[in-house]
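The values are calculated or read from the model by the stated rules, or taken from the named source; none is laboratory data. As the structure is a prediction and not an experimental result, all values here were calculated from the model. Using ideal geometry, Cβ is built from the backbone for each residue, glycine included, and neighbour counts are taken over all protein chains shown. Just the protein is used for accessible areas: all its heavy atoms, side chains included, with ligands, DNA and RNA removed. Shrake-Rupley method; radii C 1.70, N 1.55, O 1.52, S 1.80 Å.
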Amino acid sequence: MSVPIYIVDAFTEHAFAGNPAAVCLLEQPASEEFMSLTASEMNLSETAFLWPENGGGYRLRWFTPAAEVKLCGHATLASAHILWETGRLPREKRAEFHTLSGLLTAERSEGGITLCFPAYDLFPAEPMPGLADALGAEAEDIEEVFFYADNALGRLRDESVLRSLSPDFSALKSLPPRAVAVTAKGGGEGIDFVSRFFAPGIGVNEDPVTGSAHTALAPYWADKLKRRELTAYQASRRGGILRLRISEDKVFLTGHAVTVVSGLFHARP
């Protein structure tokens, strides 16, 4: 048996940028073993698996090479893109995904693909021992630390510090949070804030563009900058742009996607 599979660069308008996700289209549920092994074989930060739900929409699950995750932005954007591109979903119809984080939706517009995600709550935290050293920063470079879900978020002194980080991934992996996001105010060119995201504990040393992190970053910066619409840049080696809008307990993330590989995966679900 063969399964249609695609690789999509998400949160970019050009190939070889943004965050690549594999999208595996199934006709029915697959075993967790199959999904885990497939994600390991693809060796991207996320592989998405989706299949039709009896009541409408699609079931969607996301796996890194090492673990299943509860929320993923770029692989959701990639999944919606593939449903429309392959004709499985009419281009004018909203994509609906049933996930571990509830119902998520995606809609097409002239500005790209817009995801509707729940906003994360942020909880102030005390300075975390070992965090600065693990990031390759000085203690005074970290101005604030928060927890959201099972991750940590640190605000850095400025963008230059963020871009110059050279983390010790083994040290980061030993810290309590599942992953660590860092952010700083943008330095110009229409970018309100920048970020990076490290998750070595789940097999992703540095994620190129992390939609889920922006469901915490967007409310944080909206409060700081007193604005409900923001433009963000994730300053990884590949880089990616996200346009964000905050409405009550929702974050709307808009970006583009480009298919770079399409083919068949020859393994039995």
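Going by a ≥ b ≥ c, the root eigenvalues of the Cα gyration tensor, does the range 120-216 fall in the rounded group (a/c under 1.5), the prolate group (a/b larger than b/c) or the oblate group?
Working: a/c = 1.32, a/b = 1.21, b/c = 1.09.
Verdict is rounded for the range 120-216.
Would you calculate the convex hull of the Cα atoms in the range 12-67 and tell me its volume per residue in Å³?
Working: hull volume 5.0 nm³, N = 56.
So the per-residue Cα hull volume is 89 Å³.
Normalised by the number of residues in the range 66-140, what is the relative contact order in percent for Cα pairs under 8 Å and 6+ residues apart?
Values: 55 pairs, mean separation 15.3, N = 75.
Worked out over the range 66-140, it gives 20 percent.
Quick check: residue separation of residue 31 and residue 227 times 0.36 nm, minus the Cα distance between them. What number comes out in nm? Before the final figure, lay out the partial values.
Values: separation 196, 0.36 × 196 = 70.56 nm, distance 4.38 nm.
Extra length from residue 31 to residue 227 when fully extended: 66.2 nm.
Counting only other residues whose beta carbon sits under 10 Å from that of residue 135, what net charge do I get with K and R as +1, D and E as -1? Display every interim value, and only then the final one.
Numbers: positive: 196; negative: 133, 138, 141, 168.
With Lys, Arg at +1 and Asp, Glu at -1, the net is -3.
Compute the angle between helix 214-225 and the longest alpha-carbon principal axis of the chain, please, reported from 0 to 90 degrees and rounded to the nearest 10.
40
Using +1 at the C-beta of Lys and Arg and -1 at the C-beta of Asp and Glu, which of 52, 233, 87 has the Cα lying farthest in the positive direction of the dipole of the chain?
Checking the options against the dipole of the chain, the answer is 87.
Rounding to the nearest 10 and keeping the result within 0 to 90°, find how far the Cα-based axis of helix 73-85 lies from the longest principal axis of the chain.
Here the helix axis deviates by roughly 30 degrees.
Per residue, what accessible area does the range 1-109 have, given a 1.4 Å probe and all protein chains present, in Å²? Write down the numbers at each step before the final one.
On the way: 4730 Å² over 109 residues.
With the other protein chains kept in place, the range 1-109 gives 43 Å² per residue.
For the chain, set up a GNM with springs between Cα atoms under 10 Å and report which of 125, 39, 106 has the largest fluctuation.
Residue with maximal mean-square fluctuation among 125, 39, 106: 125.
Could you tell me the distance between the Cα centroids of the range 243-258 and the range 1-52, to the nearest Å?
The range 243-258 and the range 1-52 have Cα centres separated by 22 Å.
Based on Cβ point charges of +1 for Lys and Arg and -1 for Asp and Glu, what charge dipole magnitude is obtained for the range 116-269 about its Cα centre, in debye rounded to the nearest 20? Walk me through the numbers on the way to the answer.
Details: 17 positive and 20 negative charges, 142 e Å.
Computed charge dipole of the range 116-269: roughly 680 debye.
Most mobile of 199, 80, 139 per a Gaussian network model of the chain (Cα springs, under 10 Å)?
Highest fluctuation among the options: 139.
Using only the alpha-carbon atoms, how far is helix 32-42 inclined from the longest principal axis of the chain? Give it as 0 to 90 degrees, nearest 10.
70
Quote the Stokes-Einstein diffusion coefficient, in whole µm² s⁻¹, for the chain, based on the Kirkwood radius over alpha carbon pairs, a temperature of 10 °C and a viscosity of 1.306 mPa s. Let's see the in-between values first.
Working: Rh = 18.6 Å.
Approximately 85 µm²/s, per Stokes-Einstein.
How much length is gained if the chain between residue 170 and residue 59 is pulled fully straight, taking 0.36 nm per residue apart and subtracting their Cα-Cα distance, in nm to one decimal? Each step should come with its number before you reach the end.
Numbers: separation 111, 0.36 × 111 = 39.96 nm, distance 3.40 nm.
Contour length minus Cα-Cα distance gives 36.6 nm.
Mind checking which of 31, 170, 247 has the largest fluctuation in a GNM of the chain, springs on alpha carbons under 10 Å?
Comparing 31, 170, 247 in a Gaussian network model of the chain, the most mobile one is 31.
From the backbone phi of the range 106-120, what are the Karplus-calculated ³J(HN,Hα) couplings (6.51 cos²θ - 1.76 cosθ + 1.60, θ = phi - 60°) in whole Hz, Gly and Pro given as x?
Result, ordered by residue: 9, 9, 8, 8, 5, x, x, 10, 10, 9, 10, 10, x, 7, 7 Hz.
Give me the dipole magnitude in Debye, nearest 20, for the range 177-229 about the Cα centre, with unit charges on the beta carbon: positive for Lys and Arg, negative for Asp and Glu.
Details: 7 positive and 6 negative charges, 45 e Å.
The dipole magnitude comes to about 220 debye.
Leaving out ligands, DNA and RNA, what percent of the accessible area of the chain is carbon and sulfur, probe 1.4 Å?
Here carbon and sulfur together make up 47 percent of the probe-accessible area.
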